[in-house]
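For reference, the structure discussed in these notes is given below.
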Amino acid sequence: MHPIRRKRIITIAIIVLVLSGAIGLVLYALQQNINLFYTPTQIASGEAPKGVNIRAGGMVVKGSVKRDSNTLFVSFNVTDFKRIVHIEYHGILPDLFREGQGIVAQGKLLPNGTFLASQVLAKHDEKYMPPDVANALKQAKGNTPSKPYNDN
Amino acid sequence: MLPEVGNFSLILSLFFACCLAVVPIIGYWRHTPILLSTARPLTLLMSCFVLVSFIVLAIAFLTDDFSVLYVSLNSNSKLPIWYKFSAIWGSHEGSLLLWVLILCGWSSVVALKSHTLPKEVGPIVLSVLGMVATGFLLFMLFTSSPFVRDLPNVPVDGADLNPLLQDIGLVIHPPMLYMGYVGFSVAFAFAIAALITGNLNSSWARWARPWTAVSWAFLTLGITLGSWWAYYELGWGGWWFWDPVENASLMPWLAGTALIHSLAVTEKRGVFKSWTVLLAIFTFSLSLLGTFLVRSGVLTSVHAFAADPTRGVFILALLIVLIGSSLLLYALRASQVKAGVAFGVTGREAWLLLNNIILTVLTLTVLLGTLYPLLFEALDLGRISVGAPYFNTVFSPLALLLMVFMAIGPLSKWHSTKPSLLVRLCVWPGVVSILLAGIISYIYHLGGMAWLSLSVAFWVVLLTCKDWFIKVSAGSKGIIPRARQLPRNYYGMMLAHLGLVVSLIGILMVSTCSKETTVKIAAGQTVSFAGYQFTLNQFESLKGPNYVADQADIAVYQDGKLVAQLKPEKRFYEARRQVMTEASLNAGITRDLYVSLGEKLNDQAWSMRIYVKAFVRWIWFGGILMMCGGVLSALDKRYRARVEGRHA
């Protein structure tokens, strides 16, 4: 075979090999590690899957934060001003976690509808609203008149 | 008055940048040497006026001129003076000015060195840099001028710099990162100049090589600093988060690494010519994409500044024009390049080709993971985030594969190497490293992945040393004269490769052997963790220049001996009414003790995070070694003023 053509075939074979390996890895990893975001309304209406890693977010309801006196257990409610989700968490909350502030939690939805968070994120800027939460609030506002069946 | 001077000076520099982008190209087209020769003075004029603007902004910050909106939003009269200076690049407008200033800096250095280039190449390179500068100056003047006044309602005091940015790491991290990002524009400009002049021979690769190596070194340092900063400042003890903005700096780094290697092949052997040009375009495009991702706020990130759609659209347009036109030029010109000479399957070219394939694939997987949430949302499938597990799963195996080949490449010779020779060279180091790594993993109860990574680490170290030994022991002269004769380029490569190994060991150890816990602790209590006793002596209230803080005083004992005194703080910044965790750590070669305060739970008790981070320093030490490698190889004698004679 001509050396240049031989070189090309080998090059292409290697590229295909590495690419297919990478694509396989990517597909495998994407299947496992995508975290969909659900609004409190979606969770309350049962749209969110249970027992799977998801993200939920909204504004922390004023007066809802309760701490355990002996452990680092904390629970609070978040809302999109339409529905409420109860979140439980064990650990240290971020510096900017405050009542009335937008937060995003990552974790699993338990069968009883409580959200067990493995991580709570509040952004490092007071004025900053997580885009997911901003969107959720916008949706909740926009949906109220047009989709009454959401409140079943 | 002064801020207006700054703005006016920015407009003047835009004028010169426009001239620079147009005049030398016309000169090349019409064969008019006088027009070509304008490139140098135009570059220097453009740079001078940008420098004036920057100095004006610096003065505004240092003199607390709160009538300037940008100053009042990002500074405060109580801010320490060095943070006042670094607040210049603390937010969007100023960091763009820094970007342009650094671009001008690089352009000026190219202009001052352009006498070593053939007479039409230098001006075209400068002209391309002028086009980039024009785009960014337009962007700055139309959407984000840092000199906008807030008259007549001048605030009494500024809103203060984001407390997260009030740190030495953030004083130097952005300039280093930008030096790297923008430095790739020089390699890009050389590539475009090569396309315009049609001289796609190996000489452009030789001119571009030192520039690329230096920018790569800066980018490496910038990323290293960023990681170090995130580690001690964010209070989570993490050193890499796969945050979109971190990815935005990692992608040009990966592409730039590929570019360095492919430039070497193009220069030495004259193959991969069109690929190298494409890679230079690709690398700079990724730098621009990084700027777009950071500045437009399309992605959720700790770095996201206020999302402003007009800015995003402007950068996107700039991105499309720059990338689109350079790819168009590439499509028109690259077809003229003839296929290069053939090379053997086991020659060094082949190994470097493999390096380029893997690095490109790595870049693409990071790109995919970063843009996937955008894609998902654009298709209306919902809002998602792609977390660290995705990147770890995809990145680690490919990176390890890359490192396996990284050790073989230098051993093989250009054109072709006998496979039997390579096998003979590699068998013993392979066996030794697998056994050694196995023993270590067994003793310290590490898992299979750790065994694999350690084997790769030993493999690279052994083969790199062996290669050096073969090179210095050949010939009749003694080892030391031979070792001194080896080019700096070679030592640069060695240093960079070993640096990567050091980082790999750090990453491996920190992810497998670190321990962490969250405790509730009150004054006088002691917590035992990972063989250390953490005793909380007392809490104190402190007052800093622009904050108040609660400080814990913690003594750490090991076997009854005091090993560290840690003082983590919880700060409250008054101007922004923002709380910040200031972690405290005790650094060591094999472990860091790291303590950060959580929340005040009741009158006496606080929640506290304790980490024992194994080998974490190695990650950044490796980064510094890599940077030194890059600088060393750029200082190679071959790049110095030898081009003039070759050009005819």
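Listing for the model above:
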read-out: The range A:23-82: C-alpha gyration tensor shape, a/c 1.5 cut-off, then a/b vs b/c; value: oblate
read-out: Per-residue ³J(HN,Hα) for the range B:389-399, Karplus 6.51 cos²θ - 1.76 cosθ + 1.60, θ = phi - 60°, Hz, x for Gly and Pro; value: x, 4, 5, 4, 4, 7, 6, 4, x, 5, 5
read-out: Burial ranking of peptide ranges B:146-158, B:386-398 (average Cβ count within 10 Å, highest at the top); value: B:386-398, B:146-158
read-out: Share of pairwise Cα separations in the range B:515-615, more than 17 Å, in percent; value: 50
read-out: Calculated log₁₀ intensity ratio I(q)/I(0) where the Debye formula runs over C-alpha points of the range B:158-206, q = 0.18, 0.19, 0.25, 0.33 Å⁻¹; value: -0.66, -0.69, -0.90, -1.10
read-out: Kirkwood hydrodynamic radius (C-alpha pairs) into Stokes-Einstein, the protein assembly as shown, 37 °C and 0.692 mPa s, D in µm²/s; value: 114
read-out: Shielding of B:151-164 by partner chains, average beta-carbon count, 10 Å; value: 1
read-out: Per-residue mean of C-beta atoms belonging to partner chains within 10 Å, peptide A:18-24; value: 5
read-out: Euclidean distance between Cα centres, the range B:441-478 to the range B:224-299, Å; value: 27
read-out: Amide H contacts under 5 Å for A:Val61, placed H, 5+ residues apart; value: A:Asn77, A:Val78, A:Thr79, A:Gly100
read-out: Lys/Arg +1, Asp/Glu -1 at C-beta; the range B:1-161 dipole; positive extreme among B:Ala133, B:Leu96, B:Gly27; value: B:Gly27
read-out: Against the rule of thumb 2.2 N^0.38 Å, how large the Cα Rg of the range B:446-544 comes out; value: 1.87
read-out: Modelled FRET efficiency - R0 30 Å, A:Val65 with B:Phe8, Cβ distances, 0.05 increments; value: 0.05
read-out: Projected label distance in nm at A:Ser118 and A:His2, using a 7 Å step from Cα toward the beta-carbon; value: 5.5
read-out: Rough spin-label spacing in nm, given labels placed 7 Å along Cα→Cβ, for B:Tyr444 and B:Gln533; value: 2.7
read-out: Calculated FRET value between B:Ala474 and B:Thr32, using beta carbons and R₀ = 51 Å, to 0.05; value: 0.45
read-out: Residue exposure sequence - B:Thr38, B:Thr526, B:Thr535 - by fewest surrounding Cβ within 10 Å; value: B:Thr526, B:Thr535, B:Thr38
read-out: Calculated P(r) of the range A:34-122 - Cα pairs past 23 Å, %; value: 14
read-out: Per-residue ³J(HN,Hα) for the range B:18-27, Karplus 6.51 cos²θ - 1.76 cosθ + 1.60, θ = phi - 60°, Hz, x for Gly and Pro; value: 4, 4, 4, 6, 10, 4, x, 5, 4, x
read-out: Computed FRET value (nearest 0.05) for B:Val423 with B:Ile59, which takes r as the C-beta separation and R₀ as 60 Å; value: 0.35
read-out: Shape of the range B:571-614, Cα gyration tensor, a/c cut at 1.5; value: oblate
read-out: Distance between the range B:29-57 and the range B:571-600 - C-alpha centres, whole angstrom; value: 47
read-out: Share, in percent, of DSSP beta bridges within the protein assembly as shown that are antiparallel, nearest 5; value: 95
read-out: Residues A:Tyr38, B:Tyr181, B:Tyr232 arranged by fewest to most Cβ contacts within 10 Å; value: B:Tyr232, A:Tyr38, B:Tyr181
read-out: Equivalent ellipsoid dimensions for chain B as semi-axes, Å, which come from the Cα gyration tensor, largest first; value: 41, 38, 20
read-out: Number of partner chain Cβ atoms within 10 Å, mean per residue of B:378-390; value: 5
read-out: Packing rank of A:64-70, B:121-127, B:223-229, B:168-174, where each peptide gets the mean count of other beta carbons within 10 Å, highest leading; value: B:121-127, B:223-229, B:168-174, A:64-70
read-out: Nitroxide proxy distance, nm - points 7 Å out along Cα→Cβ at A:Val16 and B:Met1; value: 7.4
read-out: Derived scalar couplings ³J(HN,Hα) [the range B:428-437; Karplus, 6.51 cos²θ - 1.76 cosθ + 1.60; whole Hz; x for Gly, Pro]; value: 5, x, x, 4, 4, 5, 5, 5, 4, 5
read-out: Cα centroid of the range B:170-203 to Cα centroid of the range A:57-84, whole Å; value: 51
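The numbers here are math on the coordinates, done by the rules we state, and not lab data. Predicted model, so just to flag it, every value in this text is computed and none were measured. Positions of Cβ are generated from backbone atoms using ideal geometry, with glycine treated the same way; all protein chains shown enter the neighbour counts.
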